[in-house]
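Laboratory data are not the source of any read-out in this text; all were calculated from the coordinates shown. Being a predicted model, the structure only gives us computed values, none of them experimental. Heads up, the Cβs are rebuilt from the backbone with ideal geometry, glycines too, and the neighbour counts pull from every protein chain shown.
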Amino acid sequence: MTTLSAVPRWIVAIAAIGAIFVLLPLVAMTTRVDWGQFFPLIASPASRDALLLSLRTSLAATAVCVVLGVPMSLVLARTTFPGQRIVRALVLLPLVLPPVIGGIALLAAYGRMGLLGRTFEVLGIQIAFSTTAVVLAQSFVALPFLVLSLEGALRIIGTRYEAVAATLGARPSTVLWRVTLPLVLPAILSGAVLSFARALGEFGATLTFAGSLQGVTRTLPLEIYLQRETDPDAAVALALVLVVVSLLVVGLTLRTSGITRRSIL
Amino acid sequence: MTGLVFRARVAARRFEVSLDVPEGTTVAVLGPNGAGKSTLLELVAGLLRPDSGAADWQGTGFFGEGLWLPPHRRGVALLAQEALLFPHLSVLENVAFGPRSAGQSRAASRQAARRWLDEVEAGDLADKRPGELSGGQAQRVAIARALAADPALLLLDEPLAALDIAVTPTLRRMLRRVLVGRTAIIVTHEVLDALTLADRVVVLGHGGVVEQGDTQEVLERPRHPFTAELAGLNLLLGHVVAGGLETAVGRVVAATGLAVGTRGGAAVRPSAITVHAREPEVRPGNTVLRVEVSDLEPRGDVIRLRSEALFADLTPARAADLDLVPGSAAWFSFAADDVSLYGL
C-alpha cells in the first residue's frame with residue numbers, strides 16, 4: 001500500500017542531503033579498502049582476538065542490560081515514587097555523557113583506589129583493566145538504550161491487559177511472566193539489539209576504564225584506533241567489518257521494531 | 001451479611017457512593033459520563049484505592065481501614081467495553097487464563113475453557129488469534145474468559161457499547177442467560193440493558209447515588225429528573241391537589257389516590273404529548289401547559305422538542321407544520337390517562 005505523500009519537495013531535497021551526508025563517508029571508506037589483502041588483514045591474530053573479544057563482551061554486556069534493564073523499565077513505567085523523574089534522568093545520563101567521563105566514573109567506583117575497588121581488592125578481585133571491566137564499561141553506556149525503548153513500550157501497551165489479568169486471578173508475578181513480558185517481548189529484543197550495537201561500538205569508556213590489552217581488553221574499536229597508527233590498511237579493513245556487523249544489527253532492529261508496531265496495532 | 005457491601009470516597013473524582021449488591025442479583029448502574037460509574041467498578045475490582053470507605057464481599061474485606069485485598073484475591077472479574085483479549089495468546093488460552101492462574105493444570109484449564117467457549121457459542125473460535133476476531137466474537141470470548149475464572153462477582157463496564165449495533169441483541173440475550181443467578185454489577189447508559197439484565201438499578205449522578213431500587217419501579221416511576229431523562233420520560237414534581245398535581249409549570253390533571261398536600265411525581269411519555277403552536281381549547285381530563293421552546297433535536301425518525309421542564313417527540317412532518325424555533329411559545333397537551341401519578 002502506498003499513500004500519497006504531502007511532503008514539500010524542498011524537504012525531500014534536504015532529506016536527500018542528509019542521507020548523502022551519512023552515506024558518503026561510508027562509501028568513501030570502502031574505496032580505501034585493499035581488497036586483495038582484505039582477508040589476510042582481518043585474519044591476523046590481533047584482529048581475530050579483537051573481534052572475538054568484542055563479540056564476547058558485547059554479548060555479556062547485552063545480557064547484563066536485559067537482566068538489569070527490564071526490572072528498571074518496569075519500575076520506571078509501572079510505579080510512582082518520589083524523585084522518579086530525577087532517577088529516570090540519571091539512569092539515561094550515559095546516553096548523553098561523553099564515554100570518557102563514564103570511564104572515569106567507573107574507575108572512581110570500581111578502580112583499585114575506587115569506592116568499591118578497595119573492597120573488591122580485599123576479596124582478591126580486581127576489576128579495572130580486566131575483561132570484566134570491558135563488560136562493565138559497555139553495560140554502563142548501553143543500558144539506557146534498553147531502558148528507554150522498553151519503558152516506552154510498556155507505557156504504550158498500558159496497564160489495561162495487566163488489570164484484566166489481575167481480575168482473572170493472576171498474581172503479580174504471573175501477570176508479569178504471562179502478560180506483560182510477552183506483550184513487550186519485541187521491545188525487549190529491539191532494545192537488546194540496540195544495546196548490543198552500542199556495546200560493540202564502545203570506545204571511550206573502555207579505553208579509560210579497561211585499558212587496551214590484546215585479547216583481554218582490546219576490543220575491535222580500540223584495535224582499529226591502534227592499527228590506524230601503524231597499518232592504515234588493516235584499520236580500514238577492520239572498520240569495514242564493524243560496519244557490516246552494525247548494518248546487520250540495524251537491520252535486525254528495524255525488523256523487530258516492525259514486529260512491535262504490528263503487535264500493538 | 002450477604003453480597004457486596006460497599007462504601008467509598010475518592011475526593012479527587014468527587015466520588016462518594018454507598019451501595020449494596022445482594023448475592024445472586026444483578027445491579028445496573030446508570031448515569032451520564034463522569035458520574036463515577038467506572039470509578040465504582042475500579043474500586044470494587046481493586047484497580048483503584050479509595051481515600052476512605054470500606055467494602056466486603058460475604059464477610060471478606062476488600063478494603064477498609066488498614067485493609068487492602070489485591071485484585072487477584074478478590075474473585076471479581078471485570079468485563080470492559082473492549083474485549084481486551086491477550087493478543088499473544090490463542091482464544092482457548094485466553095479463556096484458560098483464569099483457571100490456569102487459579103492453579104489448575106493445563107489440561108483441566110483447557111477443558112474448562114472449551115466448556116465456556118461452547119457456552120457462549122464460540123467453540124469454533126478456540127484456535128484463532130484475537131486479531132482474527134470481529135468485535136462481537138471478541139466480546140463473546142471475553143465473556144467466556146471472565147466466566148471461566150469462576151468469579152464470585154462479575155463487573156461489566158458497558159459491555160455492549162463498543163459493538164456493532166447488529167450484534168448487540170444477540171449478545172444482550174447471551175448476557176441475560178449467563179447472568180441468571182450470578183451477582184453482577186453492570187455499568188451502562190442504555191436503559192434497555194438495565195431492563196433486560198438487571199434486577200435492581202442504581203442511578204449515579206455526579207459522584208453520588210441519585211436513586212436506587214427495583215428496575216421496573218425506578219424506570220417507570222422515576223423520582224429524579226435525571227432518571228426520568230435516562231428512562232426517556234418527562235417528570236414533573238409537585239404537590240398533590242384534588243384531581244391532579246400542582247407543579248412549577250402548571251396543574252397536571254390526573255387520577256389520584258394520594259392524600260392532598262403530599263409530594264408527588266407525574267411521569268409522561270414524550271410521545272403522548274401533543275404540541276400546539278396556538279393555545280388549544282382545554283378539554284376536560286386534558287392538561288395544557290404553556291412552554292417556551294428551547295431546542296429541537298432530531299432523534300432517529302422523530303424530532304424531540306425541548307422546553308425547560310418538558311420534552312415532546314413529534315414526527316418531522318408535524319414539526320414542519322408547527323414551524324417552531326427556539327424561543328417560540330408552544331402548548332403541550334396530554335390526556336389524564338397518559339399521566340402516571342405517584343407519591344414520592
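Put simply, the C-alpha atoms of chain A give a gyration tensor, and the ellipsoid matching it has half-axes of 35, 29, 16 Å, longest first.
When N is the residue count of segment A:77-204, what does its C-alpha Rg come to as a fraction of 2.2 N^0.38 Å?
That works out to 1.31 for segment A:77-204.
Cα centroids of segment A:172-204 and segment A:205-254: 24 Å apart.
Rounded, prolate or oblate: which fits segment A:121-265 when a ≥ b ≥ c are the square roots of the eigenvalues of the alpha-carbon gyration tensor, with rounded for a/c under 1.5 and prolate only if a/b beats b/c? Taking the square roots of the gyration eigenvalues as a ≥ b ≥ c, segment A:121-265 is oblate. Share of pairwise Cα-Cα distances greater than 43 Å in the protein assembly as shown is 48 percent (whole percent).
Here, P(r) means the percent of Cα pairs in each 10 Å bin from 0 to the largest distance; for chain B it is 5, 21, 25, 21, 15, 9, 3, 0. Model label sites at B:Thr262 and A:Ala16, defined 7 Å from Cα along the beta-carbon direction, differ in position by 8.8 nm. Here's how it looks for B:Val187: its modeled amide H is under 5 Å from those of B:Val29, B:Leu156, B:Asp157, B:Glu158, which are all 5 or more places away or on a different chain. DSSP bridge analysis restricted to the protein assembly as shown gives an antiparallel fraction near 80%, rounded to the nearest 5.
Normalised by the number of residues in segment B:233-343, the average gap of Cα pairs under 8 Å and 6 or more apart makes the relative contact order 33 percent.
Using all pairs of distinct alpha-carbon atoms, the Kirkwood hydrodynamic radius of segment B:233-343 works out to 14.2 angstrom.
From its DSSP helices (H runs of at least four residues, each -39,500 (n - 2.57)), the protein assembly as shown gives a residue-normalised ellipticity at 222 nm of -15000 deg cm²/dmol. Taking a ≥ b ≥ c as the square roots of the eigenvalues of the alpha-carbon gyration tensor, segment B:1-55 is classed oblate because a/c is 1.5 or more while a/b is no larger than b/c.
From the alpha carbon centroid of segment B:86-102 to that of segment B:1-57 is 28 Å.
How much FRET efficiency would the formula 1/(1 + (r/R0)^6) give for A:Ala6 and B:Ile165, where r is the Cβ-Cβ distance and R0 is 41 Å, rounded to 0.05? With a Förster radius of 41 Å, E is 0.70.
Computed from backbone phi, the HN-Hα couplings of segment B:35-45 come to 7, x, 5, 5, 4, 4, 5, 4, 5, 5, 6 Hz, rounded to whole numbers (Karplus: 6.51 cos²θ - 1.76 cosθ + 1.60, θ = phi - 60°; Gly and Pro given as x).
Label positions at B:Val249 and A:Ser212, each projected 7 Å from the Cα along the C-beta direction, are separated by 9.0 nm. Computed extension length for B:Leu344-B:Asp124: 74.0 nm, one decimal, from 0.36 nm per residue of separation with the Cα-Cα distance subtracted.
Computed from phi, the 3J(HN,Hα) profile of segment B:83-91 under the Karplus parametrisation 6.51, -1.76, 1.60 (θ = phi - 60°) reads 5, 6, 6, 5, x, 8, 10, 6, 4 Hz, with x in place of Gly and Pro. Computed from backbone phi, the HN-Hα couplings of segment B:263-272 come to 7, x, x, 10, 9, 9, 6, x, 7, 7 Hz, rounded to whole numbers (Karplus: 6.51 cos²θ - 1.76 cosθ + 1.60, θ = phi - 60°; Gly and Pro given as x). Across chain B, C-alpha contacts under 8 Å between residues 6 or more apart give a mean separation that, scaled by the residue count, equals a relative contact order of 16 percent.
Only four residue types carry charge here, +1 at the Cβ of Lys and Arg and -1 at the Cβ of Asp and Glu. Report the dipole size of segment B:143-232 about the Cα centre in Debye, rounded to the nearest 20.
300
If you take the Cα centroid of segment A:50-72 and the Cα centroid of segment B:136-182, the two points sit 47 Å apart.
Its relative contact order, with pairs defined as Cα atoms under 8 Å and 6+ residues apart, puts chain A at 29 percent.
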